[in-house]
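See structure below.
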Amino acid sequence: MKIWTIMMVVVAMTAQTALAGFGIGVFGSYWDPKDPDESFLGGGAKAQFGLNPNLKIELRASWLTFEEDDGGFSLRLNTLPLEVGAVFSLMPGETFNPYVGGGIGYYMFGAEVKAGGESETLTADNEFGFYGILGAEFQLSDTISIFGEAKYTAVTLKEVEGFGKVDAKLDGIGANLGLLFRW
């Protein structure tokens, strides 16, 4: 009897997830952390899995980079955030749907330094961090929406090869703007 009850719960949860929808989005990104003088620019993609009409799980991946040039010395820092979080829709099913959310991320960093005609790629520590979002979707059709969101990311880059401990606070506000496709 217990096995049938468990199976029925799993089937009901799966059906609810399928009804709540699946979506894939692409977006452009801007991130302005505290420590570097320059902002990061890039883009990314996200996948949404609906648990119910109000609650979705999101998987996000982005590529962000910044360059700082000081005379004959330049530094390029790249980051690849891999994030998982939850999003709570405030007006699901409406043409305009504001939402809030947040989650955790694993942030992979790489750096390249150029000086005097020489270039060197440096290894940076990968770090865990957190993020929060406040956004809105505007539904263009049953399957396509545009979205915009403000995002706060909290992560610290602790060490870069060749520089040692850097403790760069990359906490800061950002923005994403993109398209979301639903099935």
Breaking point among (1) of a type in the set (Ser, Thr, Tyr); (2) part of a strand (DSSP E or B); (3) surrounded by fewer than 17 Cβ atoms within 10 Å (Cβ to Cβ), for Ser141:
(2)
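Taking the stretch 52-71 only, how many residues are at pLDDT 90 or above and either under 25 Å from Thr143 (Cβ atoms) or touching an Asp or Glu at 6+ places or on another chain (Cβ under 8 Å) (or both)? Spell out the reasoning first.
Going residue by residue through the stretch 52-71, those that are at pLDDT 90 or above are 52-65.
Narrowing the set further to residues that are either under 25 Å from Thr143 (Cβ atoms) or touching an Asp or Glu at 6+ places or on another chain (Cβ under 8 Å) (or both) leaves 52-62.
Within the stretch 52-71, residues that are at pLDDT 90 or above and either under 25 Å from Thr143 (Cβ atoms) or touching an Asp or Glu at 6+ places or on another chain (Cβ under 8 Å) (or both) number 11.
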Scan of the stretch 75-129 for residues that are surrounded by fewer than 14 Cβ atoms within 10 Å (Cβ to Cβ), within 21 Å of Phe40 (Cα to Cα) and either of a type in the set (Phe, Trp, Tyr) or at pLDDT 95 or above (or both), ordered by number:
Val84, Ile104, Phe128
Of Gly71, Gly44, which residue is of a type outside the set (A, V, I, L, M, F, W, C), in contact (Cβ under 8 Å) with a residue 24 or more places away in the chain and either surrounded by 14 or more Cβ atoms within 10 Å (Cβ to Cβ) or over 19 Å from Lys151 (Cβ atoms) (or both)?
Gly44
Expected single match for closer than 19 Å to Gly28 by Cα and without any contact (Cβ under 8 Å) to a residue 40 or more places away in the chain among Ala136, Ala150 is Ala150
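Which one is nearest to Ser74 (Cα to Cα), of the residues in the stretch 91-135 that are of a type in the set (Gly, Ala, Ser) and touching a Leu at 6+ places or on another chain (Cβ under 9 Å)? Even if it seems obvious, please write down each step before you answer.
Taking the stretch 91-135 and keeping what is of a type in the set (Gly, Ala, Ser), we get 93, 101-103, 105, 110-111, 115-117, 119, 124, 129, 132, 135.
With the extra rule that they be touching a Leu at 6+ places or on another chain (Cβ under 9 Å), the set shrinks to 101, 105, 110-111, 124, 129.
Numbers: Gly101: 36, Gly105: 28, Gly110: 14, Ala111: 10, Ala124: 16, Gly129: 26 Å.
Taking the candidates together, the pick is Ala111.
List the strands (runs of 3 or more DSSP E) that sit entirely inside the stretch 72-130 and contain at least 1 residues that are farther than 30 Å from Leu140 by Cα and aromatic (Phe, Trp, Tyr). Please lay out each step first, then the result.
Working: elements: 73-89, 96-115, 118-123.
Of the strands (runs of 3 or more DSSP E) lying wholly inside the stretch 72-130, those with at least 1 residues that are farther than 30 Å from Leu140 by Cα and aromatic (Phe, Trp, Tyr) span 73-89, 96-115.
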Among the residues of the stretch 108-130, is there at least one that is within 17 Å of Phe27 (Cβ to Cβ) and of a type outside the set (Val, Ile, Thr)?
no
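The values are calculated or read from the model by the stated rules, or taken from the named source; none is laboratory data. Since we're looking at a predicted model, the values are computed, not measured. Methodologically, a virtual Cβ is constructed for each residue, glycine included, from the backbone with ideal geometry; neighbour enumeration extends over all protein chains shown.
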